[in-house]
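Data first, discussion second: the structure below is written as structure tokens.
Please treat every number below as a calculation from the coordinates, not as lab data. Only a predicted model underlies this, so the values are computations on that prediction, with no experimental measurement involved. Here Cβ is always computed from backbone atoms with ideal geometry, including for glycine, and neighbour counts include all displayed protein chains.
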Amino acid sequence: MLLESTILQVLAAALSTGGDFAEIFAEDTSTTSINMINGKVEEGVLGRDFGVGIRIFQGTRSVYAYTNDLSPANLISVAQEAAAALPGSSPQETLVLERSTVPNAHLVKIRPSDVSQARKVEVMREAHAGAQGTDPLISQVAVRYHDSHQQILVANSEGLLTEDQRVRTRLAVQAVATKGSEKQSGFYGPGRHMGFEMFELINPREAGKRAAQIAATMIHADYAPSGRYPVVIHNEFGGVIFHEACGHGLEATSVAKGTSVFAGKLGEKVASELVTAIDDGSIPNAWGSQNIDDEGTPTRRNVLIEKGVLKGYMIDKLNGRRMGMAPTGNARRQSYRFAPTSRMTNTFIDGGTSTVEEIIGNTEWGLFAKTMGGGSVNPTTGEFNFAVMEGYLIENGQITKPVRGATLIGQGSEILKKIDMVANNLARGQGMCGSISGSIPADVGQPTIRVAEITVGGRKGGN
């Protein structure tokens with residue numbers, strides 16, 4: 001993507017005023033996005049984005065600049081302008097680059113660029129048909145298809161020169177059920193770090209049905225009762241609560257500033273002994289996986305919490321300097337327009353030993369949160385408010401009638417301590433995670449868990 005001679009000149013310019021570390025991130029990304037509503041294609045966008053980001057450290061200070069003019073003269077000029085923001089002086093050392101290659105764990109069988117737009121639309125129509133045919137009350141179906149091919153190059157003044165390619169494919173379906181003046185929606189959005197062969201694993205029609213079944217079930221549901229009581233949170237996207245309410249607090253972005261409730265607690269018990277939480281960006285073909293992070297560090301399996309004890313954080317280079325800790329392969333960014341920072345990849349609560357049947361059977365009365373929706377979180381305190389997209393009452397150890405309108409309210413660090421049963425059915429769901437370095441693909445996950453007590457917002461009396 002860039003000549004080594006150009007890279008060396010740009011790095012030298014970046015260090016010319018006293019910086020002690022310089023980095024280049026080059027990117028060339030092609031994307032396809034198609035939107036369909038009620039079986040008709042509303043929009044199709046083919047895009048290409050390329051550019052270079054230049055970052056300089058001076059101790060724990062940093063400056064970042066970017067450009068999409070990749071001419072050597074411009075890149076050197078941008079590096080010099082960025083360097084001027086960190087005045088000082090330092091002896092210039094001769095830079096030597098050593099190319100590093102990381103084995104590719106995310107093989108692609110069918111590149112999306114080799115698939116016709118007509119075939120992609122055909123997949124979307126299958127998803128639409130699956131949703132529309134689920135129930136007569138389904139009034140609207142929106143389907144979105146997206147694929148991307150990102151090529152990156154990372155080089156720095158420590159001598160690193162490495163490249164990576166990331167191919168991702170995703171299908172998202174939202175179905176709306178209408179009964180009179182009432183509406184309920186359901187969503188399902190599977191994605192993988194792989195090519196069009198994803199649809200050998202994911203049946204588009206079944207994906208559509210899954211979204212529609214949620215909407216069609218909830219349109220007939222009574223309102224959930226409010227109060228404090230046990231909640232069983234199902235697997236897969238149920239892990240969004242840990243991701244939002246706890247995961248962000250384990251990123252060095254907040255830990256290094258001391259604004260996280262988990263700051264300074266390494267080695268302390270922060271959760272139930274049943275809880276082991278992991279971030280693993282090396283899982284083959286997982287939505288949030290990469291061979292290397294956006295600083296060129298190989299991704300890996302990081303144990304964050306082990307049997308309730310805080311074991312580690314997710315760390316990038318700059319915040320690692322501030323914390324005196326090594327990077328963990330978690331530096332990520334949306335594109336070259338963003339400086340990287342510590343972010344989650346595929347983050348999940350690990351599987352336990354109970355079965356789902358045992359958890360439900362041991363719950364006399366409570367809520368079964370089968371599918372989670374959106375929510376809000378205060379990243380400093382971990383206080384959250386999440387909607388339950390699909391919920392059911394548990395009565396006398398049995399899942400009974402569906403209920404809607406439930407919200408789960410609490411503090412992530414406290415909820416971790418109240419998990420008293422963990423099932424053996426770990427699964428992950430896909431989403432987009434937003435933070436100061438932009439929006440990035442991330443897996444969330446967990447097995448089915450039971451929280452002994454949590455505040456549930458609903459309607460008094462449940463009707």
- Cα-centred dipole magnitude for the range 111-267, charges only on beta-carbon of K, R (+1) and D, E (-1), debye, nearest 20: 320 debye
- Query: How large is ³J(HN,Hα) for each residue in the range 337-346, as worked out from phi by the Karplus curve 6.51 cos²θ - 1.76 cosθ + 1.60 (θ = phi - 60°), to whole Hz, x for Gly and Pro?
  - Reply: 6, 10, 6, x, 8, 5, 9, 6, 10, 10
- Taking the Cα centre of the range 115-186 as origin, work out the dipole magnitude from +1 charges on Lys and Arg Cβ and -1 charges on Asp and Glu Cβ, in debye rounded to 20. 300 debye
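May I ask you to compute the full-extension gain from residue 181 to residue 353, defined as 0.36 nm times their residue separation minus their alpha-carbon distance, rounded to one decimal in nm?
Extra length available between residue 181 and residue 353 comes to 57.5 nm.
Given the Cα-Cα distance of residue 109 and residue 452 and 0.36 nm per residue of separation, how much length would full extension add, in nm?
119.0 nm
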- Task: Return the distance in nm (one decimal) between the two label points of a simple spin-label model at residue 33 and residue 259, each offset 7 Å from Cα along Cα→Cβ.
- Result: 2.7 nm
- Item | Extended-chain gain in nm, criterion 0.36 nm per residue less alpha-carbon gap, residue 151 and residue 20 | 44.4 nm
- Message: At 20 angstrom or more along the helix axis (alpha-carbon based) and mean Kyte-Doolittle of -1.0 or higher, what helices does the chain contain? Whole DSSP H runs only.
- Response: 117-132, 204-218
- Virtual spin-label span in nm between residue 201 and residue 61, 7 Å along Cα→Cβ: 4.6 nm
- Name the long-range amide H neighbours of residue 139: under 5 Å, sequence gap of 5 or more, or other chain; modelled H, no Pro or chain starts. 176, 177, 178
- Query: With θ set to phi - 60° and the Karplus curve 6.51 cos²θ - 1.76 cosθ + 1.60, what are the ³J(HN,Hα) couplings of the range 349-360 in order, to the nearest whole Hz, using x for Gly and Pro?
  - Reply: 7, 6, x, x, 10, 7, 9, 4, 4, 5, 5, 5
- Message: Modelling each spin label as a point 7 Å along the Cα-to-Cβ direction, I'd like the residue 40/residue 395 distance in nm, to one decimal.
- Response: 4.5 nm
